[in-house]
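Asker: To start, I am sharing the structure in question, which I have written as C-alpha cells.
The values are calculated or read from the model by the stated rules, or taken from the named source; none is laboratory data. Please read all numbers here as calculations on a predicted model, not as lab measurements. All Cβ positions, glycine included, derive from the backbone under ideal geometry; neighbour counts span all protein chains shown.
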Amino acid sequence: MKRIFFLTIILVFLTGGLFAQKFKNVALTPPMGWNSWNCFGPNINEKLIKEIADAMVSTGMRDAGYVYLVIDDGWQWKRDENGNIIPNPKKFPHGIKAVADYVHSKGLKFGIYSDAGRKTCQGLPGSRGYEYQDARTYAKWGVDYLKYDWCYHGKQNSEASYRLMRDALYKAGRPIVFSICEWGTTKPWLWAGDIGHLWRTTEDIQDCWDCVNEWGGMGWTLILDKQVGLEHYAGPGHWNDPDMLEVGNGGMTTEEYRAHFSMWCMLAAPLMAGNDIRHMSGKIREILTNKEVIAIDQDPLGKQGFKITDIGDYEIWVKELSGEEVAVALLNRGLIPINAVIQWKYILKRFNFQNNKYRIKDLWKGKIVGKTDKILKIKVKPHSVVLLRLIKTEKEGR
C-alpha cells in the first residue's frame, strides 16, 4: 500500500513537472497577436471577433507572426448556480468555445481576459475565489492566452494572487500564455519570472506621443522612459510588457506610429495590435507587418534593448541580436530634425564584438546605408526614429 502511495506521489510530481515545462515553453519569444481593448473597449461581440480573425488572415497579420486573438474585458455576464462563468448571451450567443473553435480554424490561437479581483475593471465577475474553476473552464473552451487584470483586488497580495491562478492553469493541464496585468504597482519584474510569461510594467498606454491621463494612463514615450533598467529581467519565456500597441488608432501620425512600433520591437515587448485591422490603411499595415522590424522583436536571443545615449530629445537605444548582430534605434523626441553622427566602435564595444566589419541596414527604408568602418551621418526627422541593423559582412543582405 505504501509503495502504491509513493508511486502515485512520484507520478503526480512528474506530471506536474511536465505541465510546468509545457507552460514555460509557450512564449520563448514575445507573444504577438491582437487584443480588443484599445479600439473597442467592452463593445465586443461574436460577429466582431470572427471578422477580426478573418482580417488577421487576409491582411497578412497572421503570416507576419500575430497569432493570438485576445478578447478583453466585456465578454462576461454572470455565474450560474454552480459558480461557472457565463458569457454575455447577447454578445456571444453561441458561447465562447464556438468563437475559440472559429479562431483556431483560421490557424490562430485564442485568448481571453479575467481579473484577479472579485470584479473586472468593467464591474463584471472576476476570478477571485474561482481560480481553479475558471482555469478548467478556459482549458475546456480551448483558451491559449489569459490576460489577468488587477481591478477590485482589495487587500490581496499580488504575488500570491497571480501564483494562485498560475497553479490553477497548471492543474487545468493546457499550456496557456499567462499575461500578468498588475500595472507595475508592486514591481512584478522582481517576482513574476516563474509565475507568468509577461507582466505589465506601467499603467495603461494612451494613443498619443507623451500625454498623461488623470487616472494614470500615458503616452508611449513616457512608458518607454519607465523601461530603463528593466532589461535585466526579460528573456525567453518571461517578458516585460509596456502594454499593447496603439498603432493605427488615429491619435498619432504615421511617423509617430512607426517610432512607437520600432521602440516596442527594441524592447522585445509583446506585440499585441489594438487597432481595427479590418479597415486599416496601407501605411499602418506596412508598419505592423514589416518582417525585418518584427525580427528585431522576435530575435531568439531574447535580449531587451536598452538606452545608451540621452541628449535632450535625442536618444540611442541598442539591442543585442543572435549571431553577434546589433539593432540600433535613433529616436528623435523633439520637434526639429536631428543630424546624427554615429561612431560604431563605441557601440560594438558594449557587446565585446571585435569585428568592425558590419553592413548597416535601414530597416524602414529597406536598404544598406553604410558600413561600420566609417562614421555614419544620418538625419532623424521630428517625432521619428531611424531603425538600423548591423549585419555581419559575410551574411547576405536581408
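Asker: Test ALA135 against the stated conditions and say whether it is small (Gly, Ala, Ser), buried (at least 22 other Cβ atoms within 10 Å of the Cβ) and outside any strand (DSSP E or B).
Answerer: yes
Asker: Provide a single number: the residues in the range 299-320 that are in a loop (DSSP other than H, G, I, E, B), surrounded by fewer than 18 Cβ atoms within 10 Å (Cβ to Cβ) and of a type outside the set (Asp, Glu).
Answerer: Here the count works out to 3.
Asker: Here are some residues: ASP297, ASP310. Which one is among the acidic types (Asp, Glu) and touching a residue at least 12 places away in the same chain (Cβ under 8 Å)?
Answerer: Answer to the check: ASP297.
Asker: Quickly run through the range 107-125 and pick out the residues that are over 22 Å from CYS181 (Cα atoms) and crowded, with 19+ Cβ neighbours inside 10 Å.
Answerer: LEU108, the sole residue that qualifies.
Asker: Output the residues belonging to the range 269-296 that are within 15 Å of the chain's Cα centre (by Cα) and under 19 Å from LYS147 (Cβ atoms).
Answerer: ALA269, PRO270, LEU271, MET272, ALA273, GLY274, ASN275
Asker: Among the residues that make up the range 232-253, is at least one of them closer than 26 Å to ARG62 by Cβ, at pLDDT 95 or above, of a type in the set (Gly, Ala, Ser) and assigned to a helix (DSSP H, G or I)?
Answerer: Among the residues of the range 232-253, not one is closer than 26 Å to ARG62 by Cβ, at pLDDT 95 or above, of a type in the set (Gly, Ala, Ser) and assigned to a helix (DSSP H, G or I), which makes the answer no.
Asker: Could you please find all residues in the range 83-106 being assigned to a loop (DSSP other than H, G, I, E, B) and either buried (at least 19 other Cβ atoms within 10 Å of the Cβ) or at negative phi (or both)?
Answerer: Residues satisfying the conditions are ASN84, ASN88, PRO89, LYS90, LYS91, PHE92, PRO93, HIS94, LYS106.
Asker: To continue, here is another question. If I filter the range 192-212 down to residues being of a type in the set (Asp, Glu) and surrounded by fewer than 19 Cβ atoms within 10 Å (Cβ to Cβ), which single residue comes out as farthest from VAL26 (Cα to Cα)?
Answerer: ASP210
Asker: Then there's this: Please state which of the following conditions LEU146 fails to meet, knowing it meets all the rest: (1) in a strand (DSSP E or B); (2) surrounded by fewer than 18 Cβ atoms within 10 Å (Cβ to Cβ).
Answerer: For LEU146, the exception is condition (2).
Asker: Looking at VAL369, is it touching a residue at least 12 places away in the same chain (Cβ under 8 Å) and over 20 Å from ILE311 (Cβ atoms)?
Answerer: So VAL369 fits the description; yes.
Asker: Kindly indicate whether any position in the range 53-68 is farther than 24 Å from VAL247 by Cα and part of a loop (DSSP other than H, G, I, E, B).
Answerer: no
Asker: Report, by residue number, each residue of the range 107-132 that is part of a loop (DSSP other than H, G, I, E, B), in contact with a helix residue (DSSP H, G or I) (Cβ under 7 Å, 6 or more places away or on another chain) and over 16 Å from ASN82 (Cα atoms).
Answerer: Across the range 107-132, the qualifying residues are GLY107, LEU108, ALA116.
Asker: Something else now. Filter the range 215-248 for residues that are of a type in the set (Gly, Ala, Ser), surrounded by fewer than 18 Cβ atoms within 10 Å (Cβ to Cβ) and over 26 Å from LYS24 (Cα atoms) and give the result.
Answerer: GLY216, the sole residue that qualifies.
Asker: Turning to a different aspect of this structure: Say whether the condition of being at pLDDT below 95 and either farther than 22 Å from GLU131 by Cα or assigned by TED's automatic domain parsing to the domain that holds TYR145 (or both) is met by at least one residue in the range 93-100.
Answerer: No, there is no match, as no residue in the range 93-100 is at pLDDT below 95 and either farther than 22 Å from GLU131 by Cα or assigned by TED's automatic domain parsing to the domain that holds TYR145 (or both).
Asker: If we scan the range 151-173, do we find a residue that is crowded, with 21+ Cβ neighbours inside 10 Å, modelled with pLDDT of 95 or more, part of a loop (DSSP other than H, G, I, E, B) and assigned by TED's automatic domain parsing to the domain that holds MET32?
Answerer: No, the range 151-173 contains no residue that is crowded, with 21+ Cβ neighbours inside 10 Å, modelled with pLDDT of 95 or more, part of a loop (DSSP other than H, G, I, E, B) and assigned by TED's automatic domain parsing to the domain that holds MET32.
Asker: Among the residues of the range 211-252, write down those that are of a type in the set (D, E, K, R) and free of Cβ contacts under 8 Å to residues at least 40 places away in the same chain.
Answerer: GLU214, ASP225
Asker: Restricting attention to the range 352-373, report how many residues are in a loop (DSSP other than H, G, I, E, B), among the basic types (Lys, Arg) and either under 29 Å from the mean Cα position of the chain (by Cα) or buried (at least 18 other Cβ atoms within 10 Å of the Cβ) (or both).
Answerer: 1
Asker: Answer yes or no as to whether THR202 is in contact with an Asp or Glu (Cβ under 8 Å, 6 or more places away or on another chain), modelled with pLDDT of 95 or more and farther than 28 Å from GLY65 by Cα.
Answerer: Against the criterion (in contact with an Asp or Glu (Cβ under 8 Å, 6 or more places away or on another chain), modelled with pLDDT of 95 or more and farther than 28 Å from GLY65 by Cα), THR202 does not qualify.
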